[in-house]
1. Quick check, is ASP141 closer than 19 Å to ALA37 by Cβ and in a loop (DSSP other than H, G, I, E, B)?
2. Please go through the stretch 90-107 and give me each residue that is at pLDDT 95 or above and open to solvent by 10 Å² or more (accessible area, probe 1.4 Å), ordered by number.
3. Which residue out of PRO87, PRO52 is within 16 Å of GLY163 (Cα to Cα) and either at pLDDT below 95 or not hydrophobic (A, V, I, L, M, F, W, C) (or both)?
4. Working carefully through the options ALA37, ALA82, ALA47, find the one that is free of Cβ contacts under 8 Å to residues at least 40 places away in the same chain and open to solvent by less than 70 Å² (accessible area, probe 1.4 Å).
5. Tell me yes or no: at least one residue of the stretch 2-22 is out of contact with any helix residue (DSSP H, G or I) (no Cβ under 7 Å at 6 or more places or on another chain), open to solvent by 60 Å² or more (accessible area, probe 1.4 Å) and either under 21 Å from ALA108 (Cα atoms) or at pLDDT 95 or above (or both).
6. Of the numbered conditions (1) in contact with a helix residue (DSSP H, G or I) (Cβ under 8 Å, 6 or more places away or on another chain); (2) open to solvent by 10 Å² or more (accessible area, probe 1.4 Å), ALA113 satisfies every one except a single condition; which is it?
Amino acid sequence: MRFLVRFVLYTALAFGANGARAEMALDRPAEALQPFATGGMARLVPAEAPLPLPEAALIDETDAPRSLGEFKGKVILVNFWATWCAPCRAELASLDRLDAALGGEDFAVVTIATGRNPLPAIDKLFAEEGITRLPILRDPDMTFSRASGVLGLPVSLIVDREGREIARLTGDAVWDGPEAQALIKALIAP
């Protein structure tokens, strides 16, 4: 436990002590984020350089058009999932808890139901899992997920304040665990 506290403290100091340094480090995400690819985040793959995201023509639960541009200026965790995907279903509750713990002005969890996901099935799943904070965004024709290189589910992208992918995790994760929270806290530190 002491190791984890020291690790988080030193990491926070490294990212937060000098805003210019933290910003510069994110131009090289692989170098800046590799220390966080441990424990529950062991499958995290930082990008060598920030990657621009493709245009996202998403819709919400009312079929209104939505865009990831709405979240510009925040660090976002974009999670691709589907109602039929068992690991996705299990992961949603931890994403909801992460958003409850850290979501706000600097950070948001954005979940995108990819492919055929009927709204009644989404609503039922959210009710069963007690999910109250996550937005219901959909990519029914999978245009955005394909353009983002999502080949299986679940997949999570960490996106910087400029709207660029800086890391990716394929498979499910415990997003409200200590390693994930340390990663997000370091990214949103002033």
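The values are calculated or read from the model by the stated rules, or taken from the named source; none is laboratory data. Given the structure is predicted, the values throughout are model-derived calculations rather than measurements. Reconstructed Cβ throughout: ideal geometry from the backbone, glycine too, with neighbour counts over all protein chains shown. These area figures cover heavy atoms from the full protein model, side chains too; ligands, DNA and RNA do not enter into them. Shrake-Rupley method; radii C 1.70, N 1.55, O 1.52, S 1.80 Å.
1. no
2. Result: ALA93, ASP96, ARG97, ASP99, ALA100, ALA101, LEU102, GLY103, GLY104, GLU105, ASP106.
3. Answer to the check: PRO52.
4. ALA37 is the lone residue from the list that is free of Cβ contacts under 8 Å to residues at least 40 places away in the same chain and open to solvent by less than 70 Å² (accessible area, probe 1.4 Å).
5. No, the conditions are met nowhere in the stretch 2-22.
6. Here ALA113 meets the rest and fails (2).
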